[in-house]
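To start, the structure under review is shown below, and the notes come after it.
The values are calculated or read from the model by the stated rules, or taken from the named source; none is laboratory data. Predicted model only: the values in this text are computed from it and were never measured. Here the Cβ positions follow ideal geometry from the backbone for every residue, glycine too, while neighbour counts run over all protein chains shown.
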Amino acid sequence: MSIDSLNDLFVEELKDLLSAEKQITKALPKMIKAANSPELQSAFEEHLALTEGHIERLEQVFERLGLAPEEKPCKGMAGLIEEGNELLKEAMAPSVKDAALISAAQRVEHYEMAVYGSLRTYAQLLGDIETAQILQSTLDEEGDADRKLTQLAEFSVNLQAAEADMEEVES
Ligand SMILES: [Fe+2]
Ligand SMILES: [Fe+2]
């Protein structure tokens, strides 16, 4: 199909985003299992529940546009998830693995934030303020998740991972 207007672009990106969110709901259970720190596990569990809500909001946006919720395979998200999976196949100290999981998860959050930010702005420009607000709600939750992961990394997980390095130097 040709994309002749901002509205067409909005719909195309919406389909891509629905695919991205659905991929995340499949990846998160594996990340929960792979995580070592209970705080990280619960952060991922919490985000899985929120992600299900993100999918519902996207379906709501499709409905507002009078469209069926359709997916367009998001290659960007597939790539991020594949990279994360590859990394997890490596033998790693548990705390280092947690640091790697946070880094992978933050890439996912930033990707989502970029798309939600763009779509929110398109909706504003197209004069659909309610849709813009729906997208903003998810954007805010993605931002919160990202900040929570930064906190977990800076105050706990990365410090433990750095300790694993020290132990390796000492032994
Ligand atoms: Fe999301
Ligand atoms: Fe997310």
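Scanning the stretch 42-65 for residues that are within 12 Å of ligand 2 (Cβ to nearest atom) and of a type in the set (Phe, Trp, Tyr) yields one hit, PHE44. The condition of being exposed (fewer than 15 other Cβ atoms within 10 Å of the Cβ), within 16 Å of ligand 1 (Cβ to nearest atom) and not hydroxyl-bearing (Ser, Thr, Tyr) holds for only one of ALA91, ALA49, ALA27, that being ALA49.
A search for C-beta distances below 9 Å between a residue of the stretch 107-133 that is in contact (Cβ under 8 Å) with a residue 24 or more places away in the chain and any residue that is basic (Lys, Arg), counting only pairs 6+ apart in sequence or on different chains, returns ASP128/ARG64; GLU130/ARG64; THR131/ARG64; THR131/ARG120.
Residues of the stretch 137-163 that are out of contact with any Asp or Glu (no Cβ under 9 Å at 6 or more places or on another chain) and surrounded by fewer than 17 Cβ atoms within 10 Å (Cβ to Cβ): SER137, ASP140, ASP144, ARG147, THR150, GLN151, GLU154, PHE155, LEU159, ALA162, GLU163.
Residues in the stretch 123-146 include at least one that is of a type in the set (Ser, Thr, Tyr), within 16 Å of ligand 2 (Cβ to nearest atom), in contact with a Leu (Cβ under 9 Å, 6 or more places away or on another chain) and closer than 27 Å to ALA49 by Cα. The criterion of being assigned to a helix (DSSP H, G or I), more than 24 Å from ILE134 (Cα to Cα) and hydroxyl-bearing (Ser, Thr, Tyr) does not hold for SER19.
Answer yes if at least one residue in the stretch 152-166 is away from ligand 1 (no atom under 16 Å from the Cβ), among the polar types (S, T, N, Q) and farther than 25 Å from LEU40 by Cβ, and no otherwise.
no
The residue pairs whose first member lies in the stretch 48-64 and is more than 15 Å from VAL108 (Cβ to Cβ) and among the hydrophobic types (A, V, I, L, M, F, W, C), whose second member is at pLDDT 95 or above and not in a helix (DSSP H, G or I), and whose beta carbons are closer than 8 Å, counting only pairs six or more residues apart or on different chains, are LEU58/PRO69; PHE62/ALA68; PHE62/PRO69; PHE62/GLU70.
Which residues, counting only those in the stretch 95-114, are within 14 Å of ligand 2 (Cβ to nearest atom), surrounded by 17 or more Cβ atoms within 10 Å (Cβ to Cβ) and of a type in the set (Gly, Ala, Ser)? Scanning the stretch 95-114 gives ALA104, ALA105.
Checking each residue in the stretch 60-71 for being part of a loop (DSSP other than H, G, I, E, B) and not hydrophobic (A, V, I, L, M, F, W, C) picks out GLY66, PRO69, GLU70, GLU71.
To keep it simple, each residue is scored yes or no on (1) more than 15 Å from ligand 1 (Cβ to nearest atom); (2) not hydroxyl-bearing (Ser, Thr, Tyr).
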| position | (1), (2) |
| --- | --- |
| GLU83 | yes, yes |
| LYS97 | yes, yes |
| SER103 | yes, no |
| ARG107 | no, yes |
| VAL115 | no, yes |
| LEU119 | no, yes |
| LEU126 | yes, yes |
| ILE134 | no, yes |
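Taking the stretch 24-38 as the range and being in a helix (DSSP H, G or I), in contact with a helix residue (DSSP H, G or I) (Cβ under 6 Å, 6 or more places away or on another chain) and more than 11 Å from ligand 2 (Cβ to nearest atom) as the test, the residues that pass are MET31, ILE32, ALA34.
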